[in-house]
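What follows is a single structure, written as structure tokens, with notes after it.
The values are calculated or read from the model by the stated rules, or taken from the named source; none is laboratory data. Because the structure is a prediction, the values reported are computed rather than measured. Cβ coordinates were reconstructed from backbone atoms using ideal geometry, including for glycine residues, and neighbour counts include every protein chain displayed. With ligands, DNA and RNA removed, areas are computed over all heavy atoms of the protein, side chains included. Shrake-Rupley method; radii C 1.70, N 1.55, O 1.52, S 1.80 Å.
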Amino acid sequence: MNTSDVTKEGIRGERPGREAITGAADVVGEEQRRRRGGRGRRGEATRVPDAEFRSYYGKPIINQIVWEAPDVGGYLFLGGLAGASSVLAAGAELTGRPDLARPLKYAALGAISGSTAALIHDLGRPERFLNMLRVFKPTSPMSVGSWTLMAYGPLAGVAAVTSATGWFPRIGRAATLGAAAVGPLVATYTAPLVCDTAVPSWHDGYRYMPFVFAASAVSAAGGMGLATAPLAQSGPARRAAVGGALVETAVSSAMEYRMGLSGEPYRRGRAGAFVRTAKALTLAGAAGAVLGRRSRTASALSGAALLAGSACTRLGVFHAGKQSAADPKYTVVPQRRRLAEREAEGEAASAPPARGPGD
């Protein structure tokens, strides 16, 4: 029975150890029991077990990715190949390398057509793509990307058709330069598109993903040039392939390391397999481009390896995002860490300044 009374002077008649305690005191007592080994006064287990990474009814914390890997992976890869191929084609045309420029223009048109088809197929109905063109929203990567595709596609088509037929060479050159101007946006806008989401392994890589996608696109375009152009005119493609491959490998490795916990999916499961394959193919293609510069067969094989490596990079990014969305810990642990950091900063800001001996 409770015999204590609360008065102005405090609690009167309190019996230590016999009164019920609640609130903060209960928390302190629980913490003391944890420090003694997780057992109560009579050896019973603590009431609150250690937290586990679970959610209600086993559901993931964020919505799952419902996109299909062939559609989205193809959309990411082919868009990058198209944009970088247009840039390389314009450079080849301006420096008098028509046998390098021509196949790259064809590749750009085919790649952007395939990328758009993959996007429409993933959306389910063609009118959904057209509905995205009803407004222009600069803060939306999807809106900007949709309008970029609409501007780039006709330019790439005119450049390829005029190159194949020989008609209207001035218009063809203007279209080639126009496609090269829009090409970098086509090659890289998909990076902020995936990073502007709540998916941990995408969002946390926003500082590095555009550079990874750009370098991967350049190595793929260089590989296409190596596979299709004669040796006498493939010099720019070879340099682009080697430079893009080295930058892609270095930046992607730095991204995985600096992302911390959310970079873990890039090393595990299906995503890890794609990422490791991408690095192996990309480095092998770069080495073949350097060592096989006098062999048409070696150049073609190197180009094929670079193209395959770029495709695996995009698939690795896609599956890493899918894996991180399915596991609650990639969402919960960073949130708790950020909350603890904010609380520590608040305590440090509210703490009184230290006094010296003379104060």
| request: Any residue in region 60-81 that's touching a residue at least 12 places away in the same chain (Cβ under 8 Å): show its pairings with residues that are crowded, with 24+ Cβ neighbours inside 10 Å and among the charged types (D, E, K, R) at Cβ separation under 7 Å, as long as the two are six or more apart or on different chains. | output: Gly73/Arg314; Leu76/Arg314; Phe77/Arg314
| query | So which of Leu301, Leu307 is more than 16 Å from the chain's Cα centre (by Cα), open to solvent by 90 Å² or more (accessible area, probe 1.4 Å) and among the hydrophobic types (A, V, I, L, M, F, W, C)? | reply | Leu301
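So that you can scan it fast, the table gives a plain yes or no per residue for (1) assigned to a helix (DSSP H, G or I); (2) touching a helix residue (DSSP H, G or I) at 6+ places or on another chain (Cβ under 6 Å); (3) crowded, with 23+ Cβ neighbours inside 10 Å:
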site: Arg293; (1), (2), (3): no, no, no
site: Gln323; (1), (2), (3): yes, yes, no
site: Tyr330; (1), (2), (3): yes, yes, yes
site: Glu347; (1), (2), (3): yes, no, no
| note | Arg128 meets each of (1) under 25 Å from Pro210 (Cα atoms); (2) free of Cβ contacts under 8 Å to residues at least 40 places away in the same chain; (3) not acidic (Asp, Glu) with one exception, condition (1)
| field | Members of region 261-298 that are among the hydroxyl-bearing types (Ser, Thr, Tyr) and within 28 Å of the chain's Cα centre (by Cα) | value | Ser262, Tyr266, Thr277, Thr282
| request: Give me a count of the residues in region 192-208 that are open to solvent by less than 10 Å² (accessible area, probe 1.4 Å) and either of a type in the set (Lys, Arg) or modelled with pLDDT of 95 or more (or both). | output: 0
| note | Reported set for region 197-235 where residues are over 18 Å from Phe77 (Cα atoms) and touching a Phe, Trp or Tyr at 6+ places or on another chain (Cβ under 8 Å) is Pro200, Ser201
| query | For region 224-235, how many residues are open to solvent by 30 Å² or more (accessible area, probe 1.4 Å) and assigned to a helix (DSSP H, G or I)? | reply | 6
| query | Quick one: what pairs do we get from region 172-199, first residue in contact (Cβ under 8 Å) with a residue 40 or more places away in the chain, second charged (D, E, K, R) and assigned to a helix (DSSP H, G or I), C-beta under 6 Å, 6+ apart or different chains? | reply | Thr176/Glu93
